[in-house]
1. Among the residues in segment 23-44, are any of a type in the set (Val, Ile, Thr) and within 16 Å of the ligand (Cβ to nearest atom)?
2. All but one of (1) more than 15 Å from the ligand (Cβ to nearest atom); (2) in contact (Cβ under 8 Å) with a residue 40 or more places away in the chain; (3) loosely packed, with under 15 Cβ neighbours inside 10 Å; (4) not basic (Lys, Arg) hold for GLU71, so report the exception by its number.
3. Are any residues in segment 67-77 of a type in the set (A, V, I, L, M) and not in a strand (DSSP E or B), and if so, which ones?
4. Anything in segment 47-94 that is under 17 Å from ALA30 (Cα atoms) and among the hydroxyl-bearing types (Ser, Thr, Tyr)? List them, or say none.
5. Identify, by number, the condition in (1) touching a Phe, Trp or Tyr at 6+ places or on another chain (Cβ under 7 Å); (2) at pLDDT 95 or above that PHE72 doesn't meet.
6. (1) basic (Lys, Arg); (2) touching a residue at least 12 places away in the same chain (Cβ under 8 Å); (3) surrounded by 17 or more Cβ atoms within 10 Å (Cβ to Cβ): which one isn't true of ARG42, the others all being true?
7. Checking ALA37 against (1) in a loop (DSSP other than H, G, I, E, B); (2) touching a Phe, Trp or Tyr at 6+ places or on another chain (Cβ under 9 Å); (3) of a type in the set (A, V, I, L, M), only one condition comes out false. Which one?
Amino acid sequence: MNRPPYRRSDEVAAYTYQADLYCPRCLIEAMIADGIAAPAARDMDTGDVLEQCAGALAIDRDDATSYDSSEFPKPVFIDWLSDDDSCTRCHAPL
Ligand SMILES: [Zn+2]
């Protein structure tokens, strides 16, 4: 996937899940480790994985106040991140 030359402030840059920050790739690994995503999710688009898993868990992703990030990942927008935020798992800067 090619990243656009500029990043929008409302772009989803990372995800928060169980009090940790993850880049999209590592989020999938964390979800697989927790058993809420299947290993096949590694080959899927992150958005598609979240959509499927949310459906399976009866999570309403359109209403982020209806669930807690301890049970299902919430998107983190670029504006919400500080310069020293990095992925919990691969330590890449977000
Ligand atoms: Zn990562």
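1. To start, the set of residues in segment 23-44 that are of a type in the set (Val, Ile, Thr) comprises 28, 32, 36.
When the remaining residues are screened for being within 16 Å of the ligand (Cβ to nearest atom), the result is 28, 32.
Yes, segment 23-44 has at least one match.
2. (2)
3. We begin by selecting, within segment 67-77, every residue of a type in the set (A, V, I, L, M); these are 76.
None; the set is empty.
4. Selection gives SER69, SER70, SER86, THR88.
5. With (1) touching a Phe, Trp or Tyr at 6+ places or on another chain (Cβ under 7 Å); (2) at pLDDT 95 or above applied to PHE72, the lone miss is (1).
6. (3)
7. Among (1) in a loop (DSSP other than H, G, I, E, B); (2) touching a Phe, Trp or Tyr at 6+ places or on another chain (Cβ under 9 Å); (3) of a type in the set (A, V, I, L, M), ALA37 violates only (2).
Results for (1) surrounded by 11 or more Cβ atoms within 10 Å (Cβ to Cβ); (2) not in a helix (DSSP H, G or I), shown as yes or no for each residue.
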| position | (1), (2) |
| --- | --- |
| ARG8 | yes, yes |
| ALA13 | yes, yes |
| LEU21 | yes, yes |
| MET31 | yes, no |
| ASP48 | no, no |
| ASP60 | yes, yes |
| THR65 | no, no |
| ASP79 | no, no |
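The values are calculated or read from the model by the stated rules, or taken from the named source; none is laboratory data. Keep in mind that what you see is a predicted model, and the values were worked out from it rather than measured. Cβ sites come from the backbone with ideal geometry, for glycine too, and all protein chains shown count toward neighbours.
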